[in-house]
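Here the structure is laid out as structure tokens; the discussion comes afterwards.
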Amino acid sequence: MALKIPHIDFVKNRKIYYIISCSLLAIALIVSLVFGVKVDIQFKGGTIATYSYSGELNIEELEQTVQDQTGYEVSATAAQSAATGESNVTLNFATSEGLSSDEQSALTTALQEAYPDNNIETVSINSVSPTMGKDFLLKCLVAVGFTALFMILYIAVRFRKIGGWSAGVFAVIALLHDIAMVFATFIIFRMSLDDNFIAVLLVILGYSINDTIVIYDRIRENERLHSGRLNENSIKDMVNLSINQTLSRTLNTSIATLMAMVVVCILAFAYGVNSILEFSFPLVIGLISGAYSSICLSGPMWVAWQQHKMRTKNRKKTAKA
């Protein structure tokens, strides 16, 4: 039994999709301007201080005590040493200067006075240089740039029958939209930009382009049936048909992946594994954005460009006549 093909007019509603995307990006921009962008210590530099303790510690209360003492924003993580079995708490200060020796000594004394029954002792205090992190970030951004360039070249060659260069450019614009949505997720939910951010970007780059290529492939197949007889209206209908024909495949693939990542998010949240949660949750948003941009943005943007070319060509013919 053949699957029933839906008849959704994606091209007609493209302005709605543009408004939705621009509104979300505007919200992220406002949040970043008002509250700032949180950057992890490995990119910004700072100090990592580890203390051992006994008994129970309220980590949120400890963070507030440290912030009151140092005046710096701090992120505290409790763990148990696999080697010694003792309980440790690690304090991350993402500051460009780091803590001075006097500040480190004053902090240790303040913690021991605030928690006299927990036997707090210094395990290690290390300063982190932002240079290596910045180099890593720069190399990743360069890699993303080269990836986008090679994707444009690949799509331009593979889909040259349907105006490959324009198809490649709009596919990459859709990818940049997905990258912006991942960035917005980190900004809005106040997660620090770290190696998780880079990892999610690289995953989304590979995943999102796959859906777009599938749609372009169907557009190419349907374009052959028209044998160059396309006009402004028929090209819109052809692209709508192509997107609708691949819609179930795109949604089924995305939903299957999303289900797995949502389970990871729930378990990470339930057990308080923030490092996994800060990777899986932005990835969920990126997967949703990837499916959305492939279906609602890349094809309709390509149609708008092709219609513009057709109108320009017709005006030139009219002027010559």
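Read-outs throughout are calculated quantities, based only on the coordinates presented, and are distinct from any laboratory measurement. Note that the coordinates shown come from a computational prediction; the quantities given were computed from them, not determined experimentally. A quick note on method: Cβ atoms are made from the backbone with ideal geometry, for glycine too, and the neighbour counts reach across all protein chains shown.
Each Lys or Arg adds one and each Asp or Glu takes one away; over the other residues whose Cβ falls under 14 Å from the Cβ of residue 37, this sums to 0. Sort the range 35-182 into rounded, prolate or oblate with this rule: let a ≥ b ≥ c be the square roots of the eigenvalues of the Cα gyration tensor; rounded if a/c is under 1.5, and if a/c is not under 1.5, prolate when a/b is larger than b/c, oblate otherwise. Prolate. Entry note: the range 104-228 has Rg to Rh equal to 1.30, where both radii use alpha-carbon atoms and Rh is the Kirkwood radius.
Taken over the range 1-43, the percentage of Cα pairs per 5 Å bin, counting from 0 up to the bin with the maximum distance, is 5, 17, 12, 12, 13, 10, 9, 8, 7, 5, 3, 0.
Excluding same-chain neighbours fewer than eight residues apart, the lysines reachable from residue 139 by a Cα-Cα span under 23 Å are 38, 44. In the chain, excluding the sites themselves, the longest stretch lacking any of the chymotrypsin sites (Phe, Trp or Tyr not before Pro) that are in a DSSP loop with at most 15 other Cβ atoms within 10 Å is 1-188. Taking +1 at the Cβ of each Lys and Arg and -1 at the Cβ of each Asp and Glu, which of 246, 137, 180 sits farthest along the dipole of the range 100-248 towards its positive end, judged by Cα position relative to the Cα centre? Farthest along the dipole direction, towards plus: 246. Extension gain, residue 64 to residue 79, is 3.5 nm, computed as 0.36 nm per intervening residue step minus the present C-alpha separation. At q = 0.07, 0.08, 0.11 Å⁻¹, what log₁₀ I(q)/I(0) does a Debye calculation on the Cα points of the chain give, no solvent, two decimals? Taken in order of the listed q values, log10 I(q)/I(0) reads -0.42, -0.52, -0.80. When the Debye formula is applied to the Cα atoms of the range 184-321, each taken as the same point scatterer, what base-10 log of I(q)/I(0) results at q = 0.12, 0.14 Å⁻¹? Per q value, in the given order, log10 I(q)/I(0) is -0.61, -0.74. Treat each spin label as a single point 7 Å out from the Cα along the C-beta direction, and report the residue 9 to residue 142 distance in nm. Output for this residue pair reads 4.9 nm.
Straight Cα distances below 23 angstrom link residue 309 to the lysines 12, 15, 161, 236, 317, 320, with same-chain residues fewer than 8 positions distant left out. Summing charges over neighbours of residue 108, with a neighbour being any other residue whose Cβ is under 13 Å away from its Cβ, gives -4 when K and R count +1 and D and E count -1.
So which trypsin sites (Lys or Arg not before Pro) in the range 209-294 pass both tests, a DSSP loop state and at most 15 other Cβ atoms within 10 Å of the Cβ?
229
Global dimensions of the range 160-219 from alpha-carbon coordinates: Rg and Dmax equal 13.9, 45 Å.
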